[in-house]
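Any read-out appearing in this document is the output of simple, stated calculations on the displayed coordinates, not a laboratory observation. Computed from a predicted structure; not experimentally measured. As a convention, Cβ positions derive from the backbone with ideal geometry for all residues, glycine included, and neighbour counts pool all protein chains shown.
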Amino acid sequence: MFKVPPISADRLPTLLRAIPKAELHIHIEGSLEPELIFALAQRNGLTLQYPSVEALRAAYAFTNLQSFLDIYYAGASVLLHERDFYDMARAYLARAALDNVVHAEIFFDPQTHTARGVPIETVVNGLHRACEDARGTLGISASLILCFLRHLSEEEAFATLEQALPLQDKFIGVGLDSSEVGHPPEKFARVFARCRELGLHLVAHAGEEGPPAYIWSALDVLKVERIDHGVQALKDEALVRRLAQERIPLTVCPLSNQKLCVFPDLKDHNLRQLLDAGLCATVNSDDPAYFGGYINDNFTQVFAATGMTARHAYQLASNSFEASFASEADKRHWQHQLKEAFDRFVEHD
Ligand code: ADE
Ligand code: ZN
């Protein structure tokens, strides 16, 4: 066990920014900044519904998940060519590297693009090339997770899987996102069973707005390895015990939860309780261009709002490596880097 040194509250933000971390819950379409949306629209000869970057940003006032998704899908409509997907992923990875993200597992929504006539190869090849390039040029490792849109049918998810299979060496797993309530995990039981047979990693959004029952069925029916969000788990003591015992990771996104009104205020966020209950919770940005911050903003703001300490910081970063789908050798290496970052921080105190 690593003994976490005490660090004063005023130095905590610097520590949070400095420590190496993995990001496991980032929708690449949610990293499209308004400036890039406008630049891509111009490059592709498209006209947007908003007259300016400022007008678009001003529309980012959400009341719940659906109010965000409507504007998020509209933003993604500027992505047409492989180069557009590359540029979007490159911009995210460069930004993440500045936050000392050493590893990212990146969601993408192929159905948002194939529905507009963009071939799935265009999407996957552009994103994958950006991930490959980032290893050498940014020193960050990155892999892709294909998400099925849960407001669409399971047949449509199967059709997407079929299209994606020739590209299977370019993504490591599948997830489930979009409108949660009314679309329980069991709607996708068969397609997840098939993905499991194919050896893909499995994750699903559950317990963001939806009830603890959706977390149970993501685990028991879909057999996912991680739960995305999962903040509603605290409403169910038996579920908390299960998540703790099996060390099922939760990829928590504090600023997203605040902006989508899952909690009335960041100070009401339950991340600290999740950690103190022994759960393998992690901090992530979800859709940073829409929710007002990248991963380090999530760390610093939720720590300031809830009074978490250096011990929580160490646990969250360590959890992010434990919860990743990287090799055991990479995980050991990053855990070692994390301890060194703490040691260096104390020495220079
Ligand atoms: N797609 C992008 N962000 C999402 C979120 N927070 N929940 C569900 N689907 C999403
Ligand atoms: Zn998400």
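Just report the Cα centroid separation between region 65-129 and region 299-342, whole Å.
26 Å
Please arrange 216, 334 by how many other C-beta atoms lie within 10 Å of their C-beta, fewest to most.
Neighbour counts put them in this order, fewest first: 216, 334.
Taking a quarter of the surface of the convex hull around the Cα atoms of region 301-340, what do you get in nm²?
Computed as one quarter of the Cα hull surface, the answer is 3.1 nm².
List the residues whose amide H sits under 5 Å from the amide H of residue 281, counting only those 5 or more places along or on another chain, with H placed 1.01 Å from N in the peptide plane.
250
Out of 293, 123, 48, whose Cα points farthest toward the positive end of the dipole of the chain (charges: +1 Lys, Arg; -1 Asp, Glu; placed on Cβ)?
Of 293, 123, 48, it is 293.
Arrange 113, 81 by Cβ neighbour counts within 10 Å, fewest through most, would you?
81, 113
Any idea which of 71, 59, 141 is furthest toward the positive side of the dipole for the chain, if Lys and Arg beta-carbons carry +1 and Asp and Glu beta-carbons -1?
Comparing the listed Cα positions along the dipole, 141 ranks first.
Through the Karplus equation 6.51 cos²θ - 1.76 cosθ + 1.60, θ set to phi - 60°, convert the phi angles of region 286-303 into ³J(HN,Hα) values in whole Hz; use x for Gly and Pro.
Per residue, the Karplus-derived 3J(HN,Hα) values read 6, 9, x, 5, 9, 10, x, x, 8, 4, 5, 5, 4, 4, 5, 6, 6, 5 Hz.
Holding the Cα-Cα limit at 31 Å, pick out from 3/331; 187/339; 3/267; 170/223 the pairs that are longer than that.
187/339
Taking the beta-carbon count within 10 Å as an exposure proxy, list 347, 23, 162 from fewest neighbours to most.
347, 162, 23
Calculate the all-directions average of the projected area of the chain's alpha-carbon convex hull, and give it in nm².
That works out to 16.7 nm².
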